[in-house]
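S.K.: Dumping the structure here so I can ask a few things about it.
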Amino acid sequence: MTDRWPEAVVFDLDGTLIDSVGDITDALNIALRQADLEPFSEAEVRLMVGGGSRALIDRALSARGRADDAALAERLYNAFLEIYLTASVARTTVYDHGRTLLDDLRRSSMKLAICTNKPADITESILSKLGLRTSFDAVVGGTDELPKKPHPAMLLAALSALDVAPDRAIMIGDSSADVDAARAAGLPVIAVSFGYSRISARELGADFVVDSLAEIAGAIQALKKRRC
C-alpha cells in the first residue's frame, strides 16, 4: 500500500453532488402538460429520479396509467430533454461543502470523475454552467453506447479515461445503482444519505454512509485504514 491510495474518486451527480430535482420536475411537468397529462409534485419526482431520463419518463407514464404507450413515451422523452437542456440550472444547486470537497481532493492530487446516468450532453452543460467542469478529469454520462448503472460499464469507462485501476479508486453515490455498479467494478463505495434513493442509504450496502459532503474526507481516510 502507498500513501497515494486512492488515486481517484468517481462521483455520481444528481442527489450526490448536486440537488437538481427542482429543474427535473419543472422540465418533466412542462412536457407532461404539453401531452395533456397531470403534473407531479417535486416530492413525487424525487422518488422517480435514477436510471436515466428514459427511466424517469417510463415511471411518470406508469404512474399516469400510460405505461404501454411507446409513441407517447418517445415524444415525452424528446420533449423533456429539449426543455431540460435549456433550463437545467434554474433551481439546481451544489450541495453544501461540495465545492470545498472537490478543491481539497484536487489539491491532494486525486483524479476526479463524474459517472452519471443523466444524458451526457446535459451533464456537460450543467457542470459547465455550475462552474464545476474544470474540477473533473473525466465525465461519463448516459449514451446509447454503454449500459447504464447499475451495470459497471460506465464506471469502468470513467476509470479507463482516468487511467486508474478499479482497486485504486472510490465511488461516491446515493443509490443502489451506484453501489451495485461499484461492487461489480470492484470499487469501495461511499453513499450519501441525502440523495434521491427510494431505499434508505444505510440499507444500500455501501462501505460507509455520510450525512454531509463534509464527512467524505473522513470516510476516505477510514477506507484507507481499513485497506491497510
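S.K.: Taking only region 103-156 into account, find how many residues are part of a helix (DSSP H, G or I) and within 16 Å of GLU7 (Cα to Cα). Explain how you work it out, then say what you get.
M.R.: First, pick out the residues of region 103-156 that are part of a helix (DSSP H, G or I): 103-107, 120-129, 133-135, 153-156.
This time we only want the ones that are within 16 Å of GLU7 (Cα to Cα), so: 103-107, 135, 155-156.
Going through region 103-156 one residue at a time, the tally reaches 8.
S.K.: Another question, then. Under 8 Å between Cβ atoms, at least 6 apart or on separate chains: pull out the pairs that start in region 67-84 with a residue that is acidic (Asp, Glu) and end on any residue that is part of a helix (DSSP H, G or I).
M.R.: Filtered contacts from region 67-84: ASP69/LEU61.
For every residue, the table says whether it meets (1) modelled with pLDDT of 95 or more; (2) closer than 12 Å to ILE18 by Cβ.
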position: THR86; (1), (2): no, no
position: THR93; (1), (2): yes, yes
position: ASP96; (1), (2): yes, yes
position: MET110; (1), (2): yes, no
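S.K.: If ASP69 passes every condition in (1) more than 26 Å from ALA120 (Cβ to Cβ); (2) buried (at least 20 other Cβ atoms within 10 Å of the Cβ) but one, which one does it miss?
M.R.: Among (1) more than 26 Å from ALA120 (Cβ to Cβ); (2) buried (at least 20 other Cβ atoms within 10 Å of the Cβ), the lone unmet condition for ASP69 is (2).
Results for (1) more than 24 Å from TYR95 (Cα to Cα); (2) in a strand (DSSP E or B); (3) of a type in the set (S, T, N, Q), shown as yes or no for each residue.
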position	(1), (2), (3)
ALA191	no, yes, no
PHE194	no, no, no
ARG198	no, no, no
ARG226	yes, no, no
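S.K.: When region 158-189 is examined, which residues are found to be over 15 Å from the mean Cα position of the chain (by Cα) and assigned to a helix (DSSP H, G or I)? Give the steps one after another, and end with the answer.
M.R.: Applying the first criterion (over 15 Å from the mean Cα position of the chain (by Cα)) to region 158-189 yields 159-169, 183-188.
Result: LEU159, SER160, ALA161, LEU162, PRO166, ASP167, ARG168, ARG183, ALA184, ALA185.
S.K.: Within region 1-34, can you find the residues that are touching a residue at least 60 places away in the same chain (Cβ under 8 Å) and assigned to a helix (DSSP H, G or I)? Spell out how you get there, then give the answer.
M.R.: Of region 1-34, the ones touching a residue at least 60 places away in the same chain (Cβ under 8 Å) are 1, 4-24, 26-27.
Correct list: VAL21, GLY22, ASP23, ILE24, ASP26, ALA27.
S.K.: Looking at this structure, is ASP68 closer than 30 Å to LYS224 by Cα, modelled with pLDDT under 95 and outside the structural domain of ALA169 (by TED's automatic domain parsing)? Working first, answer last.
M.R.: On the way: closer than 30 Å to LYS224 by Cα: no; modelled with pLDDT under 95: yes; outside the structural domain of ALA169 (by TED's automatic domain parsing): yes.
Considered against the rule, which asks whether it is closer than 30 Å to LYS224 by Cα, modelled with pLDDT under 95 and outside the structural domain of ALA169 (by TED's automatic domain parsing), ASP68 comes out as no.
S.K.: Still on this structure: Which pairs have Cβ atoms under 8 Å, sit 6 or more apart or on different chains, and link a residue in region 35-46 that is among the β-branched types (Val, Ile, Thr) to one that is surrounded by fewer than 18 Cβ atoms within 10 Å (Cβ to Cβ)?
M.R.: Every condition considered, no pair remains.
S.K.: Please go through region 140-156 and give me each residue that is free of Cβ contacts under 8 Å to residues at least 60 places away in the same chain and over 11 Å from the mean Cα position of the chain (by Cα), ordered by number.
M.R.: THR143, ASP144, GLU145, LEU146, PRO147, PRO150, HIS151, PRO152, ALA153, MET154, LEU156
S.K.: Okay, moving on. For THR93, which of the numbered conditions (1) in contact (Cβ under 8 Å) with a residue 40 or more places away in the chain; (2) closer than 23 Å to ASP211 by Cβ; (3) loosely packed, with under 14 Cβ neighbours inside 10 Å; (4) out of contact with any strand residue (DSSP E or B) (no Cβ under 8 Å at 6 or more places or on another chain) fails to hold?
M.R.: (4)
S.K.: Further, regarding this structure: With respect to GLY173, determine if the residue is closer than 18 Å to LEU102 by Cα and touching a helix residue (DSSP H, G or I) at 6+ places or on another chain (Cβ under 7 Å). If you could, list the steps in order and put the result at the bottom.
M.R.: Numbers: closer than 18 Å to LEU102 by Cα: yes; touching a helix residue (DSSP H, G or I) at 6+ places or on another chain (Cβ under 7 Å): yes.
For GLY173, the condition - closer than 18 Å to LEU102 by Cα and touching a helix residue (DSSP H, G or I) at 6+ places or on another chain (Cβ under 7 Å) - is met.
S.K.: Taking only region 187-225 into account, find how many residues are surrounded by fewer than 16 Cβ atoms within 10 Å (Cβ to Cβ) and either of a type in the set (Val, Ile, Thr) or under 24 Å from ARG106 (Cβ atoms) (or both).
M.R.: Total meeting the criteria: 9.
The values are calculated or read from the model by the stated rules, or taken from the named source; none is laboratory data. Small disclaimer: the values here were computed from a predicted structure and weren't measured. Counting neighbours? That spans all protein chains shown, and the Cβs are built from the backbone with ideal geometry, glycine included.
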